[in-house]
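The values are calculated or read from the model by the stated rules, or taken from the named source; none is laboratory data. Note that this is a predicted model, so its numbers are computed, not measured. Cβ coordinates were reconstructed from backbone atoms using ideal geometry, including for glycine residues, and neighbour counts include every protein chain displayed.
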Amino acid sequence: MTTLSTRTLSHLDWLEADAIHILREVAGQCARPALLFSGGKDSICLLRLAEKAFRPGGFPFPLLHIDTGHNYPEVIAFRDRHAAALGARLIVRTVEDSMARGSVLLKHPGESRNRHQSVTLLEAIAEFGFDACIGGARRDEEKSRAKERVMSFRDEFGQWDPKNQRPELWSLYNARTHKGENIRAFPISDWTERDVWQYIQRERLDLPSIYFAHTRPVVRDKGLLRPVTELTPAQPGEQVEQLRVRFRTVGDIPCTAPVESEADTIDQILAETAVTTLSERGATRLDDQTSDASMEERKRAGYF
Amino acid sequence: MSNPHEFPNEIDHGLLRFLTCGSVDDGKSTLIGRLLYDTKAILADTLGALAATSQRRGLTELDLSLLTDGLQAEREQGITIDVAYRYFSTGTRNYIIADAPGHEQYTRNMVTAASTANLAIILVDARKGVLTQTRRHSYLARLVGIPHLVVAVNKMDLVDYDPAVFARIQEDYLDFAARLGIGEVRFIPLSALTGEMVVERGERLGWYDGPTLLEILESAPAAHTEQPEAFRFPVQYVCRPRDAANPALHDYRGFMGRVEAGEIAIGDPVTVLPSGFETRIKDIQLGGVSQPTAIHEQSVTLLLEDEIDISRGDLLVRTGAAPEAIREIDACVCWLAETPLSPARHYLLRHTTREVRARVADIKHRLDVNTLERGPATQLRMNDIARLTLKLAQPIFPDPYVVNRATGAFILIDESTNNTVGAGMIKESEHLPHWRQAVTQWAGDCGQ
């Protein structure tokens, strides 16, 4: 009647099974979920997990991208291509639309639009009546995320209150909401950056080209590399260098920094990740350095 | 690389989830910081921020405990207000640490952190020995069914690394552990501050010839290796593609879920609950690809030989090993919400993927987690633990918690706020016989 299982799951298989379980809980509990897809590596993993979770059926949610208008063109092209290849419905809402509506006001034209994505996201949630948004955030990314729930509750203003989160026990996720409230679901909460790269390698996932080493003009800025683009030109006195770099995260151009690297295959990236001495956000986010608690402040305001 | 699916020089010993219990004063944050630091899990920029913060606070050395200080609110208050999760890897094994804080909301946080852990490190201050809170931590770890307990006698540097201190604490602990019915416990002397016996052996605890803390973690059975139970598969979602362009999928009905106990193979006989229909497994799939079997903790899609109406909340089990339908459950419940439990109200009970209405028929007793004494109660407040009888509007099909954490646990939800307000563990009873000898070892029980 009972059998003793001697086979066990490897850590990556366990993480995969866990993420699939979470995706299916969202589909089973929420009436109108969406999956936040940016073309970044974490959300690319989410889409492979969604394929494993729901094939041969279609995805029980559309993909949603909040576009700052400041993304690398390679990433946007990848986003469209990838969504089409999966036969998924892609909804794009732009910060520029919010600016046109007057709901986003920039302090000056050059201000990073990263923070303002929250407004556009909340507008998209209201427009489509989404009761859950599935995201690729991980607890190892940043201090204030270490206590994030797998199913994170946001009130009708989209606010995250760290003191008012639901206890999360066993695998019994509670994604219930009242009208106007919203759940942010994070299926790869327990994955580390290395797990993500290992999964990309194992599943042979395609990535936007800027994840791999390429030559790019950059300037050195407070210990980080700042890409020189139309949006982020070199300032007088700054020295522009042509360096071999790759991006570890892709996001808004003004707040995403590449790292020096010769890695142009997943294997080489994994080898670098194993010996790297900078955390992912620390090496690549120009916006998190302003304050130890800046992510927390953005999340309270409705950020991903 | 010969095989792209293999990582060179990497043996995968799976993933171990463990819990650290202790108060601020026990050096818990320092111990976690030490584990992360000595396994090289802390990266340069984090270390830089740590050095800057340590300096700002007027400290001359790196304060490793600052590594686990997460949110603004708690940094302001200097306390840890919630369960935080940390990650590290040794190359052979990956770890998830659930870090539960030690202030007055302790019970709720510890039960939450413990619910997914397979090992608990209970910190004892070598100068203070076994305290009330040591008993409370041990009791809660057992209550929530953590199979492996490690008592870490910390701050050995402050008692001159004296083996007699360690021996006395060990003796005291075993004395009350026996009374709690706690079986296997491991003891280790260490200093989180100096790092001795955490990852490195160091020099001043030479009289201790057991494994280091990290060696204990490396060799502890991971959660998903100890599952000898009968097949249980709660249905999460039903896949019916009905794709007009693909007539082959017209009759496709895939039942999606995770194997919560045991394993299953194509051809195996299964019973659907609550309907009781019997059929066989026609196929096991993941991402539309077939596989011959599915094991514990694998997420898969099951296809059945017969067309049976099945929806979310139903349970597939091996025919002949079905659990009983239960409409009255006897359980230990930990109350999680600021609003007290009210026997006058109905709650929503979530067991696996099944939701039923429930009301409290009887509070048998409340347990004082400090004295471990039982007393009468008419309501439960946050952090209370009690033995309850719950009446259910529809049946559920549980196993005793002691047999299977996944199918023996439930949460209670307050429908007016949708908050998770209670965490329950179902007791064995005449309907739920404990058909496993190990049951006698589970003293983590809130009384008969």
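Odds and ends about this structure:
- Note on the range B:62-172: enclosed strands (runs of 3 or more DSSP E) holding 2 or more residues that are away from chain A (no Cβ under 14 Å) and modelled with pLDDT of 85 or more are B:119-125, B:148-154.
- In the range A:105-134, the residues that are buried (at least 22 other Cβ atoms within 10 Å of the Cβ), in contact with an Asp or Glu (Cβ under 9 Å, 6 or more places away or on another chain) and within 19 Å of A:Asn71 (Cα to Cα): A:Arg113, A:Gln117, A:Thr120
- Restricting attention to the range A:183-204, the residues that are more than 9 Å from every other protein chain (Cβ to nearest Cβ) and not in a loop (DSSP other than H, G, I, E, B) add up to 9.
This table checks each residue for (1) in a loop (DSSP other than H, G, I, E, B); (2) touching a residue at least 40 places away in the same chain (Cβ under 8 Å); (3) away from every other protein chain (no Cβ under 13 Å); (4) more than 20 Å from the chain's Cα centre (by Cα).
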residue: B:Val333; (1), (2), (3), (4): no, yes, no, no
residue: B:Glu338; (1), (2), (3), (4): yes, yes, no, yes
residue: B:Val360; (1), (2), (3), (4): no, no, yes, yes
residue: B:Ala377; (1), (2), (3), (4): yes, no, yes, yes
residue: B:Leu390; (1), (2), (3), (4): no, yes, yes, yes
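- Helices (runs of 4 or more DSSP H) enclosed by the range A:41-106 - at least 3 residues per element that are at pLDDT 95 or above: A:41-54, A:73-85
- Filter result (within 13 Å of chain B (Cβ to nearest Cβ) and of a type in the set (S, T, N, Q)) within the range A:118-151: A:Ser144
- Any pair with Cβ under 6 angstrom, 6 or more apart, that starts in the range A:243-255 at a residue that is over 13 Å from A:Glu74 (Cα atoms) and in the same structural domain as A:Leu231 (by TED's automatic domain parsing) and ends at one that is among the acidic types (Asp, Glu) and not in a strand (DSSP E or B): A:Arg244/A:Glu262; A:Arg248/A:Glu280; A:Cys255/A:Asp287
- Just one residue in the set B:Pro221, B:Pro241, B:Pro211 is within 23 Å of B:Leu19 (Cβ to Cβ), within 14 Å of another protein chain (Cβ to nearest Cβ) and assigned to a loop (DSSP other than H, G, I, E, B); that residue is B:Pro221.
- Residues in the range A:154-182 that are of a type in the set (Lys, Arg), in a loop (DSSP other than H, G, I, E, B) and closer than 26 Å to B:Thr353 by Cβ: A:Arg166, A:Arg176, A:Lys179.
- Every residue from the range B:283-310 that is surrounded by 14 or more Cβ atoms within 10 Å (Cβ to Cβ), more than 8 Å from chain A (Cβ to nearest Cβ) and of a type in the set (A, V, I, L, M): B:Ile284, B:Ala294, B:Val300, B:Leu302, B:Leu303, B:Leu304, B:Ile308, B:Ile310
- Members of the range B:295-316 that are farther than 17 Å from A:His21 by Cα and part of a loop (DSSP other than H, G, I, E, B): B:Glu305, B:Asp306, B:Glu307, B:Ile308, B:Asp309, B:Ile310
- Filter result (at pLDDT 85 or above, buried (at least 21 other Cβ atoms within 10 Å of the Cβ) and more than 10 Å from chain B (Cβ to nearest Cβ)) within the range A:155-182: A:Asn182
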